[in-house]
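K.L.:
Quick one: this structure, given as structure tokens, is what I'll be asking you about.
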Amino acid sequence: MMRVGLTGGIGSGKSTVAAFFEDLGIPVYNSDAKAKALMAEDKTLQKEIIGLLGEEAFTEGLPNREYIASQVFPDPERLGALNALVHPAVRKDFDRWAGEQQTPYVIQEAAILFETGGYRNMDHTILVTAPEQERIRRVMQRDGAAEAAVRVRMERQWDDARKAALADFVVHNLTLPHTRQQVEQLHRQLLKLSYSAGPGDC
């Protein structure tokens, strides 16, 4: 089973690209959504997070997202410590999920695939890009956020040039028809790669 990592900066449209792959019958694991679910479901992970951030991190067994954000985003060390708890749990769950799939390859969608080193666990990686101003416009429209707030969020992620140097493939997401065309072409390439890989290579 070939594993493909899919990532992109905020507003790049990686979820749109993921949806196009799903349209082609390829299962997609959304790491960000699953991380939130695991924080609500995994009791061991909850205990570890409480040990890091205190009892206030959960309310009636559910993550207190506002409190957690207030504790980690101003403090890079605490954010790193939280990620060090959550990401291994996500990786374990992804491995379980991938083992259940019956397709030539699967995709793991993750916002900070390169920043966390998660790309090293993938056979191939895809980076979704878009012009900075377009990304800002999309996020402002989607989240109702001010431009300054969007820029702060962007600064927490690596820039596209740094990620592109590590990516195997790049999808330029400007217009939906062109993006879909790129995904279809990439799908054909990935199928060829998955069929040419031996059992020990995946």
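K.L.:
Test Val170 against the stated conditions and say whether it is of a type in the set (Val, Ile, Thr), modelled with pLDDT under 95, surrounded by 14 or more Cβ atoms within 10 Å (Cβ to Cβ) and not assigned by TED's automatic domain parsing to the domain that holds Pro76.
P.N.:
no
K.L.:
Which of the residues that make up region 9-36 are assigned to a helix (DSSP H, G or I) and over 14 Å from the mean Cα position of the chain (by Cα)?
P.N.:
Phe20, Phe21, Glu22, Asp23
K.L.:
Hey, can you tell me all the residues within region 159-181 that are in a helix (DSSP H, G or I) and within 26 Å of Gly117 (Cβ to Cβ)?
P.N.:
Asp160, Ala161, Arg162, Lys163, Ala164
K.L.:
While we're looking at this one, here's another question. Tell me which helices (runs of 4 or more DSSP H) are completely within region 45-158 and hold 2 or more residues being out of contact with any Phe, Trp or Tyr (no Cβ under 6 Å at 6 or more places or on another chain), surrounded by 14 or more Cβ atoms within 10 Å (Cβ to Cβ) and touching a residue at least 40 places away in the same chain (Cβ under 8 Å), or say none if there are none.
P.N.:
Per the criteria, 76-100, 132-143, 147-155.
The values are calculated or read from the model by the stated rules, or taken from the named source; none is laboratory data. Small disclaimer: the values here were computed from a predicted structure and weren't measured. Ideal geometry is used to build each Cβ from the backbone, glycine not excepted, and the neighbour counts take in all protein chains shown.
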